[in-house]
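This report refers to the structure that appears directly beneath it.
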Amino acid sequence: MAAWADREASRHSTELDRAEALRLLGSVSLGRIVFTQDALPAIRPVNHLLHHGEVIIRTHEGAALTSLTEHAEDTGVVVAYEADHIDPATHCGWSVVVTGYCHLVTDPDDLAHYQALLHPWVDHQMSYALRIRPDLVTGLRLSRC
């Protein structure tokens, strides 16, 4: 038990500034989107891209988040998006969370652009794209002391 505690205590957590957090978020392609479904939190793994400081994901007709954004007011749907890269052996790495409003991409040129850049990992017909404006960006880096 003491060896595990010593190993865990040798890590240092450092908060990331917004620019570094967004840079790291843009360096990976997989994350988790968190939204409210039937008054409960729902989480889905999705691939993403960072474009002009916004998180873009693709979705399909009938998906819960697609329906929520289609029926949302102008402000959009509040979501959180989390991505990380943690080394399983050293437990060092980083985690970033963006919180903001999610909107359906309705401009046909933007939609075509995102469809060309972002290829879903699942076998659904992904006809929709969602844009998350990161109003709150938090992140931390775990490193050895």
- Message: Looking at region 134-142, can you tell me whether even one residue there is in contact with a Ser or Thr (Cβ under 8 Å, 6 or more places away or on another chain), among the basic types (Lys, Arg) and open to solvent by 60 Å² or more (accessible area, probe 1.4 Å)?
- Response: yes
- Task: Among the numbered conditions (1) aliphatic (A, V, I, L, M); (2) open to solvent by less than 50 Å² (accessible area, probe 1.4 Å); (3) touching a helix residue (DSSP H, G or I) at 6+ places or on another chain (Cβ under 6 Å), tell me where LEU50 comes up short.
- Result: (2)
- Task: Go through the residues of region 77-84 one by one and say whether even a single one is of a type outside the set (Ser, Thr, Tyr), touching a residue at least 24 places away in the same chain (Cβ under 8 Å), open to solvent by 60 Å² or more (accessible area, probe 1.4 Å) and within 12 Å of ILE33 (Cα to Cα).
- Result: yes
- Item | ILE56 surrounded by fewer than 14 Cβ atoms within 10 Å (Cβ to Cβ) and at pLDDT 95 or above | no
- Residues of region 1-19 classified as at pLDDT 60 or above and either open to solvent by 50 Å² or more (accessible area, probe 1.4 Å) or among the hydroxyl-bearing types (Ser, Thr, Tyr) (or both), total: 9
- Message: Cβ contacts < 6 Å: first residue under 9 Å from ARG58 (Cα atoms), restricted to region 104-124; second residue part of a loop (DSSP other than H, G, I, E, B) and open to solvent by less than 60 Å² (accessible area, probe 1.4 Å), any location; separation 6+ or different chain. Result?
- Response: PRO120/MET126
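The values are calculated or read from the model by the stated rules, or taken from the named source; none is laboratory data. Remember, predicted model here, so these are calculated numbers, not experimental data. Note that we place each Cβ from the backbone using ideal geometry, even for glycine, and neighbour counts take in every protein chain shown. Please note that ligands, DNA and RNA were not included when accessible areas were found on the heavy atoms of the full protein model with its side chains. Shrake-Rupley method; radii C 1.70, N 1.55, O 1.52, S 1.80 Å.
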